[in-house]
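For reference, the structure discussed in these notes is given below.
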Amino acid sequence: MSIAQVSNHHFLIRRVHSLLGLVPIGFFLTFHLFLNLTALRGAKQYDLVINTMQSFPGIFIVELIVIFIPIAAHAIYGTWVVYTGQTNVLRYKYARNWFYLIQRISGLYTFVFVITHVYLLRFGEANFANLSEFMSQPLGLSFYVLGVLLAVFHFTNGLWAFAITWGLTVGPHSQRVWLYTLGVIFVLMSVIGMADIFAFLK
């Protein structure tokens, strides 16, 4: 395989990787944050929503295809990028290089966070009481707060790279506007995420 073919191969993988970060993973994250707002209406309402979703025919197959496999593929390639220590090919300025580093750290933490969260919901007792008990512990609360914030950061910062990778922001002005937009999205999603957590602490 020639150098050009290897370069094209990795370019294609990076595009698929960034696309998976948006669809379906990003959509799932956004949906999940809004879904958990039902916890603000109390344990009974939250448990009803979760039990209804888990009772859908073929829900595990849907979760496997739409959620688990894309997340696994995204995480495996992301972990490989971290392990190989690839340089920042987009040659961002210093601040952006810090974002690049935090993106990798947040990706690893989010992967552990998602595995733990799925285990608690899918293989444990998926109810309000157990999540509330877990988050009532200082370590459990810290784990969830950090997990939500880093997951939202990973998603919104990933959207920055997505727009560049797919040629959506090609100039300084469009990139600056997109940066401000992502800042607003990060704040809004973080507020929703913290509201979700607060609901389990009431």
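The values are calculated or read from the model by the stated rules, or taken from the named source; none is laboratory data. Computed from a predicted structure; not experimentally measured. Ligands, DNA and RNA are excluded from the accessible area calculation, which covers all protein heavy atoms including side chains. Shrake-Rupley method; radii C 1.70, N 1.55, O 1.52, S 1.80 Å.
Quick notes on this one:
- Against the main long axis of the alpha-carbon atoms of the chain, helix 25-35 sits at an angle near 30°.
- Quarter of Cα convex hull surface for the range 110-202, i.e. mean projection, nm²: 6.7 nm²
- In a fully extended conformation the segment linking PHE28 and LEU12 would gain 3.4 nm over its present Cα-Cα distance, using 0.36 nm per residue.
- Across the alpha-carbon set of the range 7-199, the Rg to Rh ratio works out to 0.98, Rh being the Kirkwood radius.
- Our summary gives the chain a relative contact order of 33 percent, counting only alpha carbon pairs under 8 angstrom and 6 or more residues apart.
- Mean ellipticity per residue at 222 nm, deg cm²/dmol - from DSSP H runs of n ≥ 4 across the chain, formula -39500 (n - 2.57): -26000 deg cm²/dmol
- For the range 102-151, the Kirkwood estimate of the hydrodynamic radius, built from every pair of different alpha carbons, is 11.2 Å.
- Here the Karplus curve 6.51 cos²θ - 1.76 cosθ + 1.60, taken at θ = phi - 60°, turns the phi angles of the range 96-101 into couplings of 5, 5, 5, 4, 4, 5 Hz, with x standing for Gly and Pro.
- Of the accessible area of the chain, computed with a 1.4 Å probe over protein heavy atoms only, carbon and sulfur atoms account for 75 percent.
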